[in-house]
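Asks: One structure is given below, represented as structure tokens, and several questions about it will come after.
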Amino acid sequence: MDADEREIIQYLQSWGTVFVNAKEIARRASTKKRFNQEPEWARPVLLRLVEQRVVETDPSGRFRLVAESKHDKSAHRWVAPDINKILQEGGVGVEDAGPIPIEDDL
């Protein structure tokens, strides 16, 4: 990942799940001087990021970071064997230091 891609990703992270226009990204992701010299510098970088599936686009041509699905994240944590032993002695059923479900409140 090159510096331009990092600048764009960092800028889009501040927007969350909101789609942003390519011209706005070119204007604000880098310096004013760069935008004045090369106003369309972000478009090829954005298209590369779309191909890499880091950024997605909407029908009107705006861009945002690909939203992470809650199903992709593991809702489990691994338990060390010694902690597993303590939990089993306390009556908590944990299977062979395997994953135990965690609450979404954390």
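The values are calculated or read from the model by the stated rules, or taken from the named source; none is laboratory data. Computed from a predicted structure; not experimentally measured. Counting neighbours? That spans all protein chains shown, and the Cβs are built from the backbone with ideal geometry, glycine included.
Asks: Given the options Ser69, Ser30, name the one that is surrounded by fewer than 11 Cβ atoms within 10 Å (Cβ to Cβ) and either at pLDDT 95 or above or of a type in the set (Ser, Thr, Tyr) (or both).
Replies: Result: Ser69 is the single residue among Ser69, Ser30 that is surrounded by fewer than 11 Cβ atoms within 10 Å (Cβ to Cβ) and either at pLDDT 95 or above or of a type in the set (Ser, Thr, Tyr) (or both).
Asks: Are there any pairs, at least 6 apart or on different chains, whose C-beta atoms fall under 6 Å, with the first in the range 6-34 and under 14 Å from Arg62 (Cα atoms) and the second loosely packed, with under 11 Cβ neighbours inside 10 Å, and if so, which?
Replies: Once the first residue is under 14 Å from Arg62 (Cα atoms) and sits in the range 6-34, its partners that are loosely packed, with under 11 Cβ neighbours inside 10 Å give Thr17/Ala67; Phe19/Asp58.
Asks: Same structure again: Return the residues of the range 10-27 that are part of a loop (DSSP other than H, G, I, E, B), surrounded by 14 or more Cβ atoms within 10 Å (Cβ to Cβ) and modelled with pLDDT of 95 or more; say none if nothing qualifies.
Replies: Phe19
Asks: A follow-up question, please. Would you point out the residue of the range 33-66, among those that are polar (S, T, N, Q) and either touching a Lys or Arg at 6+ places or on another chain (Cβ under 6 Å) or part of a loop (DSSP other than H, G, I, E, B) (or both), that is surrounded by the fewest Cβ atoms within 10 Å (Cβ to Cβ)?
Replies: Within the range 33-66, the match that is surrounded by the fewest Cβ atoms within 10 Å (Cβ to Cβ) is Ser60.
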